[in-house]
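The values are calculated or read from the model by the stated rules, or taken from the named source; none is laboratory data. Predicted model, so just to flag it, every value in this text is computed and none were measured. Every residue, glycine as well, gets a Cβ built from its backbone with ideal geometry; the counts of neighbours run over all protein chains shown. Note: areas computed on protein heavy atoms with side chains; ligands, DNA, RNA excluded. Shrake-Rupley method; radii C 1.70, N 1.55, O 1.52, S 1.80 Å.
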Amino acid sequence: MSELYINETSGVDAVTASGSKESPFQTAAYALYVKEDAKLFVYKKDEETDGYVEISASALKKGKKGAESLKKKAEKAKLAEAQKAQKDADEAAKKLEALKIVIKQDESLPEAKKGKIRDLKVDQRFKVSGWIHRFRAQKGLAFIVLRDGTGYVQAVLSGDLANAYQTQTLTLESTVTLFGTVKKLPEGKQAVGGIELVVDYYEVVGLAPSGEDAFTNKIQEGADPSLLLDQRHLALRGETLSGVMKVRAALLRAIRRVYEEEGLIEVTPPAMVQTQVEGGSTLFKVDYYGEESFLTQSAQLYLETCLPALGDVYCVQESFRAEKSHTRRHLSEYTHIEAELAFLTFDELLKHIEILISRSVKYVLEDPVAGPLIKQLNPDFVAPEAPFKRMEYIHALDWLNEHGVPNEDGEQFKFGDDIAEAAERKMTDDIGVPILLTRFPAEIKSFYMKRCSDDPRVTESVDVLMPTVGEITGGSMRSEGLEELIEGFKREGIKDYDAYYYWFIDQRKYGTSPHGGYGLGTERILAWLTNRFTVRDCSLYPRFSGRCKP
Ligand code: 4AD
């Protein structure tokens, strides 16, 4: 039996200590763990002793217990280490096996037809490329959901193809080219489109990162909206955002189709301008070779100049508004669908707007891609049918007052008050159907609007209001006479109109006409169609105050 020494203050419980008087252990438990039958001496400093004394019976008992648990812990750690070593060895062996598998194309198979996912046909061999949208691998079997913009398809890899190292290390968002035969899914099995691509060979085009940099670490569902906006380029790959963008494309296609049917032609006015259309407070200034210019708020004035040259016209172009308010329906840059029509009455303008909205929505719903997407994104959507409900501004004030909705000062609405966003939405949501809100007072509208002949306080103007978003369209008849136009410039405090608006004024000189038009916010109509909370979700790369990236 040997002697071991313990010093609670200067001792250490580690292999660096020997347990001698010069190099004592710290605890009795550790000393007994090192040598079970050792005789223990504990360092004590008091009046009687200043050195090592034999351990007390109770301390020894406690030490034995501690030694027991240290022993168990050590055994456990040893076992875990052995298991880990075994696992590493297994994995290394597996990797070696997997690396040995060479993926080769079987030349005896029929030639694979290059195609997009939407082209896939049952029982044909295809070569299809895309991004790995979802991935699951197990021994002998791997499933890829491939995405290529035209759709999604489930691909199945089995045997060597699944076990190969290349497959075992695939990551989400990697690009691959798959070769395989399209099969109808057996009863009871589920996948998009009811088909499956049985892969016989594939190549990795670009392997996306794994680990910390993995796609799923960059884009997390429910993450802070501003973080997701920083990663918009990646977030766009998601099913919802890309779905909204596909509906957007179908909507613009449908709008152009209706314009074609209605005989309007497309023009592309400039975006850099020196005139305001919708008030000076939302103008973005541009230094144009030293001259003051702006990013266009609306192409309207230019469209008006096209009427005598081209007849009824439209454009689909970006408009810019330096909106300081952070609301769910305002962007700094948005895609503005605008049209201008000559020789028509206000009532004809309203009917034209109803046709545009109801028919383009019908076309979108009939679209094989966008129709099902709207069902998915907005299952309760009901297509609006013309004629829409019509309501005059003055009657909207009555409605708001009767329903206890206050104006911006917290008071009852009175003639001349602006109907702000919240009040407008409350009314539209309560009424629950599209509304053509007409005849706004001249003072709260732009300089160019034509006054009503039966009540010159108000204008031949219209806002189209939709449940859940509110205003999606603003339009009006335009003042035809020179005097009325000049009065508008003065009312709005627009200076130097002779110098800056001479070309617009000329429209009233060289063959004026009754005419009118409107602007439709693409992101607003889309938010209504796809039931998005904010127009930000309906723009590819939304711009609003504080956000101009990516
Ligand atoms: O009502 P607004 O300002 O009308 C005009 O610009 C007219 N000059 C158009 C014309 O008659 N040619 O804008 C028209 C529509 C609004 O109804 C709304 O849908 C959209 O453009 N809009 C915006 N969308 C997103 N963000 C903003 N900041 C918007 N401002 C207007």
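When you filter the trypsin sites (Lys or Arg not before Pro) in the range 249-331 for DSSP loop state and at most 13 other Cβ atoms inside 10 Å of their Cβ, you are left with K324. Answer with one residue from T171, Y152, A142: the one whose Cα lies farthest towards the positive end of the charge dipole of the range 113-213, charges on Cβ with Lys, Arg +1 and Asp, Glu -1. Of the options given, the answer is Y152.
With the alpha-carbon atoms of the chain aligned to their principal axes, the span from lowest to highest coordinate is 120, 83, 53 Å, starting with the largest. For K375, K414, the ranking by accessible surface with the largest value first comes to K375, K414, using a 1.4 Å probe. Per residue, the chain exposes an accessible area of 53 Å² to a 1.4 Å probe, with every protein chain left in place.
Using a 1.4 Å probe over the heavy atoms of the protein chains, calculate the carbon and sulfur portion of the accessible area of the range 239-538 as a whole percent. Show your work: numbers first, answer last.
Details: 6730 of 13230 Å².
Exposed carbon and sulfur together represent 51 percent of the surface.
Between E292 and R118, the contour length at 0.36 nm per residue exceeds the Cα-Cα span by 57.7 nm.
How many percent of DSSP beta bridges within the range 113-213 run antiparallel, rounded to 5? Let's see the in-between values first.
On the way: 31 of 36 bridges.
Counting only bridges with both partners in the range 113-213, antiparallel ones make up about 85 percent.
Calculate for the chain the 222 nm mean residue ellipticity that helices alone would give, adding -39,500 (n - 2.57) per DSSP H run of length 4 or more and normalising by residue count, nearest 500 deg cm²/dmol.
Values: 17 runs with 189 residues, N = 550.
One gets -10500 deg cm²/dmol as the mean residue ellipticity at 222 nm.
Scaled against 2.2 N^0.38 Å for its residue count N, the alpha carbon radius of gyration of the range 239-538 is 0.98.
At full extension, E480 and K71 could sit 137.3 nm farther apart than now, given 0.36 nm per residue minus the alpha carbon distance.
Helices that extend 27 Å or more along their long axis by alpha-carbon positions and average at least 1.0 on the Kyte-Doolittle scale are absent among the DSSP H runs of the chain.
Here are some pairs, K389/K426; K94/K127; K414/K490; which of them have Cα atoms lying more than 21 Å apart in this structure?
Numbers: K389/K426 16 Å; K94/K127 29 Å; K414/K490 24 Å.
Over 21 Å Cα-Cα: K94/K127; K414/K490.
Within the same chain, aspartates and glutamates fewer than 8 places from K71 are excluded, and of the rest, those with a Cα less than 12 Å from its Cα are E36.
Across the chain, the relative contact order, built from alpha-carbon pairs under 8 Å that are at least six residues apart, equals 10 percent.
Relative contact order for the range 239-538: what is it in percent, counting Cα pairs under 8 Å that are at least 6 residues apart?
Numbers: 544 pairs, mean separation 61.2, N = 300.
Relative contact order of the range 239-538: 20 percent.
Entry note, the range 113-213: relative contact order of 28 percent, from Cα contacts under 8 Å with a spacing of 6+ residues. Taking the centroid of alpha carbons for each part, the range 322-376 and the range 19-42 are 86 Å apart.
Counting only residues at least eight positions apart within a chain, or on another chain, the lysines with an alpha carbon under 26 Å from that of K44 are K21, K35, K61, K62, K64, K65.
Counting only protein heavy atoms and using a 1.4 Å probe, the accessible area of D537 comes to about 50 Å². Stretching K100 away from T9 to a fully extended chain increases their span by 26.9 nm, per 0.36 nm per residue minus the current alpha-carbon distance. Loop-located trypsin sites (Lys or Arg not before Pro) across the range 462-550 with a Cβ neighbour count of 16 or fewer within 10 Å are K495, with loop assigned by DSSP.
Ranked by solvent-accessible area (1.4 Å probe, protein heavy atoms only, all chains present), the residues S18, S242 order from largest to smallest as S18, S242.
Straight Cα distances below 20 angstrom link K87 to the lysines K76, K78, K95, K100, K139, with same-chain residues fewer than 8 positions distant left out.
Loop only per DSSP, at most 13 neighbouring Cβ atoms within 10 Å: give me the chymotrypsin sites (Phe, Trp or Tyr not before Pro) in the range 311-417, ordered by residue number. Present the calculation step by step, with values, prior to reporting the outcome.
On the way: sites: Y314, F320, Y334, F343, F346, Y363, F381, F388, Y393, W399, F413, F415; in loops: F343, F381, F388, F413, F415.
Here the chymotrypsin sites (Phe, Trp or Tyr not before Pro) that fit, given the DSSP loop and packing criteria, are F343, F415.
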